[in-house]
Amino acid sequence: MDNLFQITAELTQTEVLRYTPAGIPVLDVMLKHESWQVENGQKCLVKFELPAKIVGEQAKQWQYRENTMVKASGFLAQRNQQIFKPILRIQNIQEYKG
């Protein structure tokens, strides 16, 4: 089954960089998206915030990059073993120059 997700959004919030017990860097972030989409032939304004997580060396590069427009891709997963709400697990992130 496929679980691929790509979005252009503003990186509005970054938490403190942390490390797993294995020493892998992890950065929790918040993405804010706003765009016009067409649904059933009608334009509709779409706005939402999406929690995301960057794992690995990229996490270090993004820890102080709040208020940056980004293009991010990855997959959706549950937040943790107790919380089933989705979070974007970012595998690739780059600054969006528009």
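The values are calculated or read from the model by the stated rules, or taken from the named source; none is laboratory data. Small disclaimer: the values here were computed from a predicted structure and weren't measured. Please note: Cβ atoms are built from the backbone with ideal geometry, for glycine as well, and neighbour counts cover all protein chains shown. The accessibility values were calculated without ligands, DNA or RNA, using every heavy atom of the protein model including side chains. Shrake-Rupley method; radii C 1.70, N 1.55, O 1.52, S 1.80 Å.
General observations
- Eligible aspartates and glutamates near Lys53 by straight Cα distance, threshold 20 Å, same-chain separation 8 or greater: Asp2, Glu10, Glu15, Asp28, Glu34, Glu66, Glu95
- Dipole magnitude of segment 1-81 about its Cα centre (Cβ charges: Lys, Arg +1; Asp, Glu -1), debye to nearest 20: 80 debye
- Carbon and sulfur %, accessible surface of the chain computed with the full protein complex present, 1.4 Å: 48 percent
- Under a Gaussian network description of the chain, with springs only between Cα atoms under 10 Å, the residue in Gln13, Gln81, Gln61 that fluctuates furthest is Gln81.
- Residues of type aspartates and glutamates that Lys85 reaches as a straight line, Cα spacing below 14 Å, ignoring anything fewer than 8 places off in the same chain: Glu49
- Solvent-accessible area per residue in the chain equals 71 Å², computed with a 1.4 angstrom probe and all protein chains kept.
- Helices in the chain, meaning DSSP H runs of at least 4 residues, each add -39500 (n - 2.57). Divided by all residues, the mean residue ellipticity at 222 nm is -1500 deg cm²/dmol.
- Taking all Cα pairs closer than 8 Å and separated by 6 or more residues, the relative contact order of segment 32-98 comes to 29 percent.
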